[in-house]
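The values are calculated or read from the model by the stated rules, or taken from the named source; none is laboratory data. Model, not experiment: these values are computed from the prediction. All Cβ positions, glycine included, derive from the backbone under ideal geometry; neighbour counts span all protein chains shown.
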Amino acid sequence: MHSAAYVMAVPSTGSRRIAVSCLAGLALGAGMTAAGLAWSRLASDRRVWSQQQAEAYQAAFEAVHAATSGEAGERPPDQDFTNLQQRYRALAAELNQARRVRDVWGLYVTRSGLVLALLSGLGYLAVRSN
């Protein structure tokens, strides 16, 4: 016969499964944290901004630059210049929004990974202490 102390020291199958699940959650959380940090720092603008959008942005920038640097007689009428500026500002705002989405996505994944790792680690410690 086994002593009562020995029986209590051996974790049940359910406890082992919970402990393994917590360790898996801890590993997944660590991976998510690393992926979120890497994404925020390493993801290029190409991930959030297409080649066509980049070309349109560059063309709008060059048009505004050409309009502001030309001779007085070469500058477009005020209305045309206003339209050029509005187009450029709209594209610049789209680019900034795309960059924010990229950065926020990385931040959300990082935070989610940290929370998952923390909760899983605490769960593991709680199961192991029983």
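Taken over region 18-56, residues that are free of Cβ contacts under 8 Å to residues at least 60 places away in the same chain and aromatic (Phe, Trp, Tyr) amount to 1. If you check 72, 67, 117, 43 for being in contact with a Leu (Cβ under 6 Å, 6 or more places away or on another chain) and at pLDDT below 85, only one passes: 67.
Determine whether residue 20 is modelled with pLDDT under 80, under 21 Å from residue 121 (Cα atoms) and among the aliphatic types (A, V, I, L, M).
Working: modelled with pLDDT under 80: no; under 21 Å from residue 121 (Cα atoms): yes; among the aliphatic types (A, V, I, L, M): yes.
So residue 20 does not fit the description; no.
Name the pairs: first residue in region 83-102 and touching a residue at least 60 places away in the same chain (Cβ under 8 Å), second residue surrounded by fewer than 16 Cβ atoms within 10 Å (Cβ to Cβ) and not aliphatic (A, V, I, L, M), Cβ to Cβ under 7 Å, at least 6 apart or on different chains? Listed pairs, sorted by first residue: 102/47.
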